[in-house]
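Engineer: This is the structure I want to talk about, given as structure tokens.
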Ligand SMILES: [Zn+2]
């Protein structure tokens, strides 16, 4: 279990605009977000000595950002090979690096031209080597195709309905209407959802997240340093990374996963709540990884906000709305704000806990949950102000 | 008449998987069975995940199983490769030997597939070198 409760703070946040065609290099996007995170904290870039990122060979290495920004003494420039599972993982890794003395002040970022450049949703390498030889030859290639196999089991086992999945998309779009940075802000109705075209059954277009060009970054520092900086500290009070048995040979492969009606969340729940000494009822605002509508249901169930199979009814009862029991994805999420692989969820949680979320502020938010992951492995944090 | 060249992903056999793909060419669905604990495994691999043994024997599967989960691809990706195939079904099938395999369900309307539907293997020689195991209602 992660043991660094409240010892580290997210002390700065930065982001670029989220667009379909940035016309810029990924290095430019990453550097802008990182520089903005340091400036937000009021920390000189010369004081940064760690940079951590995650990607799928669709970005640029952390050392490139350090070089481009002229950071003089980089002790810990590290890249994780990760997808949706990585957004909180790299931030927990930053706390571990600082605790171990490998760095003092660490920038964590995700940057990509996810729409105009390499499109993760468009399919993987076409040569079927390694584990892919058991999947791609059957026309099973894209992530929407991978994840449709999961939601099908949830439907078979629990009778989850299209309207329940649709309510996830509708709720987050409503939230995006209050977020000027969001890529999709026009409200959608249940009729719009049900009429959106089938991509891979059971998924419609509106079950699937956006593709975005952009970058997000956070600055992680020790708590004492945080108190001297410009912003109200947001403490990392809990965290967990992991999954179950048979996580697969890569992020697509879940052939040996025991039960596709539940994902990684069920396996990290005890560690997550235990590391913070908190329980689901303590969470004031949640930013839950929503690459697809279904992943929200499985995380709500796995983390204990409702019982297994009750995610659909939980959403239908309105609990995720801003006036509901668990205001969720107040920025619009991956479905409506942007797909920055879950790092944008952390930025939103920090704004909520600082009280600077403007039109989308949840009153008196003190504890926030962030998650990242949809399938066999993932990461989550509990943050507090 | 010329048939267009097969343009879909083809498996690249490696030292772990070569016996599997040799098997499908001979119209046999072969699985590794651990010599030490008897557990079958798929996909092919050098270790038994149950007991970590490296000793295994390739056996011929019954080729029978039931549908665990399935999807119906409606939007083809890439479009130029799959546009004539949609809608097509990809399924995870639980074989009688206790392993799960990903494949296509053929020989029925993709919308008629149901959970636990019994299926059996059929072999589709997609090129001179590669035969894919697919499944039809049993
Ligand atoms: Zn064994």
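Engineer: Evaluate the relative contact order of region B:18-137 (contact order divided by residue number), counting alpha-carbon pairs under 8 angstrom at least 6 apart; express in whole percent.
Structural biologist: Value for region B:18-137: 24 percent.
Engineer: A further question follows. Counting only C-alpha contacts under 8 Å and six or more residues apart, can you give the relative contact order of region B:32-99 as a whole percent?
Structural biologist: 30
Engineer: Right, here's the next one. Provide Rg over Rh for the protein assembly as shown; use the alpha carbon set for both Rg and the Kirkwood Rh (inverse mean inverse pair distance).
Structural biologist: On the way: Rg = 23.5 Å, Rh = 23.8 Å.
With Rg and the Kirkwood Rh in hand, the quotient comes to 0.99.
Engineer: Among DSSP beta bridges whose residues both lie in chain A, state the antiparallel percentage, nearest 5.
Structural biologist: Rounded to the nearest five, the antiparallel share is 70 percent.
Engineer: Testing the spin-label approximation: label points 7 Å from Cα along Cα→Cβ at residue A:364 and residue A:3. State their distance in nm.
Structural biologist: Reported label-point gap for residue A:364 and residue A:3 is 3.6 nm.
Engineer: Taking just the C-alpha trace of region A:167-283, give me its Rg and Dmax in Å.
Structural biologist: Looking at region A:167-283, its Cα Rg and Dmax stand at 19.3, 53 Å.
Engineer: Would you calculate a helix-derived [θ] at 222 nm for chain B, using -39,500 (n - 2.57) for each DSSP H run of n ≥ 4 and dividing by the full residue count, to the nearest 500? Could the numbers behind the result be given before it?
Structural biologist: On the way: 2 runs with 12 residues, N = 138.
My calculation for chain B gives -2000 deg cm²/dmol from helical runs alone.
Engineer: Kindly give the semi-axes, whole Å and largest first, of the ellipsoid equivalent to region A:72-151, taking each as the square root of 5 times a Cα gyration tensor eigenvalue.
Structural biologist: 34, 14, 13
Engineer: Oh, and also: When DSSP beta bridges are limited to those with both residues in region B:5-138, what percentage is antiparallel, rounded to the nearest 5?
Structural biologist: Of those bridges, close to 95 percent are antiparallel.
Engineer: Next question, about the same structure. Order these by the 10 Å Cβ neighbour count, fewest first: A:289, A:235, A:80. Show your work: numbers first, answer last.
Structural biologist: Numbers: A:289 31, A:235 19, A:80 16.
Final ranking by Cβ density, sparse to dense: A:80, A:235, A:289.
Engineer: Pairs of alpha-carbon atoms within less than 8 angstrom and 6+ residues apart define the contacts here; what relative contact order does chain A have, in percent? Numbers along the way, then the final one.
Structural biologist: Working: 943 pairs, mean separation 95.6, N = 385.
Normalised by residue count, the contact order of chain A is 25 percent.
Engineer: To one decimal place, what orientation-averaged projected area in nm² is obtained for the convex hull of the Cα set of region B:18-137?
Structural biologist: Result: a mean projected hull area of 7.9 nm².
Engineer: For each of B:117, A:75, count neighbouring Cβ atoms within 10 Å of the residue's Cβ, then give the residues from fewest to most.
Structural biologist: Ordered from fewest to most neighbouring Cβ atoms within 10 Å, B:117, A:75 come out as A:75, B:117.
Engineer: Within region B:1-35, which residues have the backbone N less than 17 Å from the label spot 7 Å out from residue B:128 along Cα→beta-carbon, could you tell me?
Structural biologist: Inside the label zone: B:1-7, B:25-26.
Engineer: Right, next: How many angstrom lie between the C-alpha centres of region A:226-261 and region A:337-384?
Structural biologist: Going from one Cα centre to the other spans 13 Å.
Engineer: Most fluctuating residue of A:11, A:336, A:246 in a GNM of chain A with Cα springs under 10 Å: which is it?
Structural biologist: So, out of A:11, A:336, A:246, the one fluctuating most is A:246.
Engineer: Report, in degrees rounded to the nearest 10, the 0 to 90 angle that the Cα long axis of helix A:343-354 makes with the longest principal axis of chain A.
Structural biologist: 70
Engineer: Next up: Once you average over the residues of B:96-103, how many Cβ atoms of partner chains fall within 10 Å of each Cβ? Before the final figure, lay out each step's value.
Structural biologist: On the way: counts 0, 0, 0, 2, 7, 3, 10, 5.
For peptide B:96-103, the averaged partner shielding equals 3.
Engineer: Further question: Ranking A:32, A:287 by Cβ neighbours within 10 Å, fewest first, what do you get?
Structural biologist: So the ranking, lowest neighbour count to highest, is A:32, A:287.
Engineer: Sticking with this structure for a sec: How many times 2.2 N^0.38 Å is the alpha carbon radius of gyration of region A:261-385?
Structural biologist: Relative to the 2.2 N^0.38 Å estimate, region A:261-385 comes out at 0.94.
Engineer: Continuing with this model, one more query. With n ≥ 4 as the cut-off for DSSP H runs, can you work out [θ] at 222 nm for chain A, using -39500 (n - 2.57) per run divided by the number of residues, rounded to the nearest 500? Write down the numbers at each step before the final one.
Structural biologist: Working: 12 runs with 121 residues, N = 385.
Mean residue ellipticity at 222 nm (helix-derived): -9500 deg cm²/dmol.
Engineer: Under the definition of partner shielding as Cβ atoms of other protein chains within 10 Å of a residue Cβ, what is the mean value for peptide B:71-83?
Structural biologist: Mean shielding by partner chains, rounded to a whole number: 6.
Engineer: Right, something else. Hey, how many Å between the Cα centroid of region A:82-156 and the Cα centroid of region B:1-66?
Structural biologist: Each part's Cα centre sits 27 Å from the other's.
Engineer: Something else now. If I take R0 = 45 Å and measure r between the Cβ atoms of residue B:59 and residue A:163 in this structure, what FRET efficiency does the formula 1/(1 + (r/R0)^6) give, to the nearest 0.05?
Structural biologist: Working from the Cβ atoms, E equals 0.45.
Engineer: What does the extension gain come out to for residue A:21 and residue A:249, with contour length at 0.36 nm per residue minus their alpha carbon separation?
Structural biologist: On the way: separation 228, 0.36 × 228 = 82.08 nm, distance 3.24 nm.
Between residue A:21 and residue A:249, full extension yields 78.8 nm more.
Quick note: the coordinates plus some simple rules give every number you see, no bench work behind them. Just so it is clear, the structure is predicted and the values come from calculations on it, not from any experiment. Methodologically, a virtual Cβ is constructed for each residue, glycine included, from the backbone with ideal geometry; neighbour enumeration extends over all protein chains shown.
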